[in-house]
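Asks: A single structure is presented below for examination.
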Amino acid sequence: MDVLYHGVVGFTVAKVMGSPDVLPAAAAAMVPDVIGSIPFFYFKLLKAPKKNVRLFLRSFWQSANSNMFDNKIDRGTYQFFHSFIALPVVAIVSFLLYPASWLVLTIAYTAHILIDIPIHDGGFATQFLYPFSTIHYEGKNWTKHPAQFLFFWAALIIILFAFRII
């Protein structure tokens with residue numbers, strides 16, 4: 001799903017669990033996409049021709065929307081941050097930064113991975129045991145299935161109202 005959706009999920013997890021750290025929980029839920037995508041976009045920027053601004057922007061836009069990794073570094077970073085193997089690191093960093101809410105932040109992060117499993121496909125399919133296994137579920141890409149995208153947002157809004165969060 002989109003990064004905003006994951007942020008709202010993190011916010012919701014914190015509210016449901018009674019944590020005052022809603023913004024850190026929202027950020028924790030966005031980490032797999034934000035940090036996991038830095039090398040992806042970095043290598044796309046490097047690859048784009050720099051002869052003129054228009055050509056650079058067009059090339060970068062097309063490359064960034066190709067959903068193709070350029071090398072093992074961008075693929076590995078993305079897959080690692082979308083893997084349950086990263087959870088101990090997330091839990092330790094969360095504990096060091098927010099000792100009272102480390103579990104909330106770790107659950108928000110975990111929610112991101114669980115949500116992405118059925119809605120990613122191809123190279124972006126969530127390999128939830130990476131780097132030890134490439135096992136994954138070949139989901140339906142949410143960007144190609146608007147009904148799925150709307151369903152997930154509707155379900156989240158229902159949860160927000162059911163728990164009287166909004």
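Any read-out appearing in this document is the output of simple, stated calculations on the displayed coordinates, not a laboratory observation. These figures come from a predicted structure and were not determined experimentally. Every residue, glycine among them, receives a Cβ derived from its backbone with ideal geometry; neighbour counts consider all protein chains shown.
Asks: Just add up the charged neighbours of PRO32: K/R +1, D/E -1, any other residue whose Cβ is under 13 Å from the Cβ of PRO32.
Replies: Around PRO32, the surrounding residues sum to -3.
Asks: Which whole-Hz couplings ³J(HN,Hα) result when phi for each residue of segment 5-19 is put into the Karplus expression 6.51 cos²θ - 1.76 cosθ + 1.60, θ = phi - 60°, listed in order with x for Gly and Pro?
Replies: Those phi angles translate into 4, 4, x, 5, 4, x, 4, 5, 4, 4, 5, 5, 8, x, 8 Hz.
Asks: Between LYS140 and ALA154, 0.36 nm times their residue separation minus their Cα-Cα distance comes to what?
Replies: Once the chain is fully extended between LYS140 and ALA154, it gains 3.3 nm.
Asks: Using DSSP loop states and a limit of at most 16 other Cβ atoms within 10 Å to flag trypsin sites (Lys or Arg not before Pro), what is the longest stretch of the chain containing no flagged site?
Replies: Formally, the longest exposed-site-free interval is 52-139.
Asks: Summing +1 for each Lys or Arg and -1 for each Asp or Glu, what net charge is found among the other residues whose Cβ lies under 12 Å from the Cβ of TYR42?
Replies: 0
Asks: Further question on the same structure: For the chain, evaluate the Debye formula with one uniform point scatterer on each Cα (no solvent term) and list log10 I(q)/I(0) at q = 0.20 Å⁻¹, rounded to two decimals.
Replies: Taken in order of the listed q values, log10 I(q)/I(0) reads -1.27.
Asks: Counting other beta carbons within 10 Å of each Cβ, put TYR42, TYR98, TYR130, TYR109 in order, fewest first.
Replies: Starting with the residue having the fewest Cβ neighbours, the order is TYR42, TYR98, TYR130, TYR109.
Asks: Per residue of segment 75-81, what does 6.51 cos²θ - 1.76 cosθ + 1.60 with θ = phi - 60° give for ³J(HN,Hα)? Whole Hz please, x for Gly and Pro, Karplus curve as stated.
Replies: Calculated HN-Hα couplings, in order: 5, x, 5, 4, 5, 4, 6 Hz.
Asks: Let me ask you something else. Rank these for me by crowding, HIS145, HIS112, HIS136, going from fewest to most other beta carbons within 10 Å.
Replies: Going from least to most buried by this count: HIS145, HIS136, HIS112.
Asks: Let me ask you something else. Please order TRP153, TRP61 by the number of other Cβ within 10 Å, starting at the fewest.
Replies: Ascending Cβ contact count within 10 Å gives the list TRP61, TRP153.
Asks: On to the next question. Quick one: Cα centre-to-centre distance for segment 121-166 and segment 39-92, in angstrom?
Replies: First find each Cα centre; the distance between them is then 20 Å.
Asks: Find the eigenvalues of the gyration tensor of the Cα atoms of segment 111-166, then list the square roots of 5 times those eigenvalues as equivalent ellipsoid semi-axes, largest first, in whole angstrom.
Replies: 26, 15, 6
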